[in-house]
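These notes are about the structure you will find just below.
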Amino acid sequence: MTLFEVAEELAGRLVATFLRGSDGRRPVYGGAKLFQDDPHWRDLVLFYEYFHGDNGAGLGASHQTGWTGLVARLIQSLGQFDADGVLNERRWPMARPYRHPPG
């Protein structure tokens with residue numbers, strides 16, 4: 001694997017903690033029925049202080065804006081970049097605008 005592919009794999013694993021799996025459940029919410037099943041809460045994604053090592057359930061404070069807040073940027077990056085684009089880009093790819101202007 002290239003270094004980019006390794007980074008992509010690690011980012012994908014971290015992001016998967018917050019995304020719904022094939023069973024429709026988000027690992028970050030563990031067994032919390034309110035956040036897993038209630039239609040008013042299940043799409044609210046919280047960034048926890050730390051995580052259970054075996055199942056990914058969020059633990060500690062649920063309002064972190066530190067390192068776990070970076071997951072939002074990883075989700076964007078996984079959809080925006082690929083190895084070829086990064087290697088051939090003359091500018092640093094993270095400097096690209098989030099939205100392209102119309103036209």
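Every read-out reported here was derived from the displayed coordinates using simple, explicitly stated rules and does not represent laboratory data. Everything quoted here is computed from the prediction, not taken from an experiment. Here the Cβ positions follow ideal geometry from the backbone for every residue, glycine too, while neighbour counts run over all protein chains shown.
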Original post:
Would you list S62, S22 from fewest to most Cβ contacts within 10 Å?
Top reply: S22, S62
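Neighbour counts of other C-beta atoms within 10 Å: give me E49, E8 arranged from fewest to most. It would help to have the intermediate numbers written out before the result.
Working: E49 14, E8 19.
By the 10 Å Cβ count, ascending, the order reads E49, E8.
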**OP:** Mind sorting F81, F18, F4 by how few other Cβ atoms lie within 10 Å of their own Cβ, fewest first?
**Re:** F4, F81, F18
Subject >> Leading residue at positive end of dipole, the stretch 3-95 (Cβ point charges), from A83, F18, G66 >> reply: G66
Original post:
Roughly what would the spin-label model give for E49 and L78, points 7 Å off Cα along C-beta, in nm?
Top reply: 2.6
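Count charges around L34 for me, please; just the other residues with Cβ under 15 Å from its Cβ, Lys/Arg as +1, Asp/Glu as -1. Display every interim value, and only then the final one.
Details: positive: R25, R26, K33, R42; negative: D37, D38, D43.
Net charge in that neighbourhood comes out at +1.
By how many nm would the segment from A7 to S62 grow when fully extended, if each residue of separation counts as 0.36 nm and the alpha-carbon distance is taken off? Display every interim value, and only then the final one.
Numbers: separation 55, 0.36 × 55 = 19.80 nm, distance 2.57 nm.
Full extension of this stretch gives 17.2 nm more.
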Original post:
For the stretch 3-95, what is one quarter of the convex hull surface built on the Cα atoms, given in nm²?
Top reply: 7.1
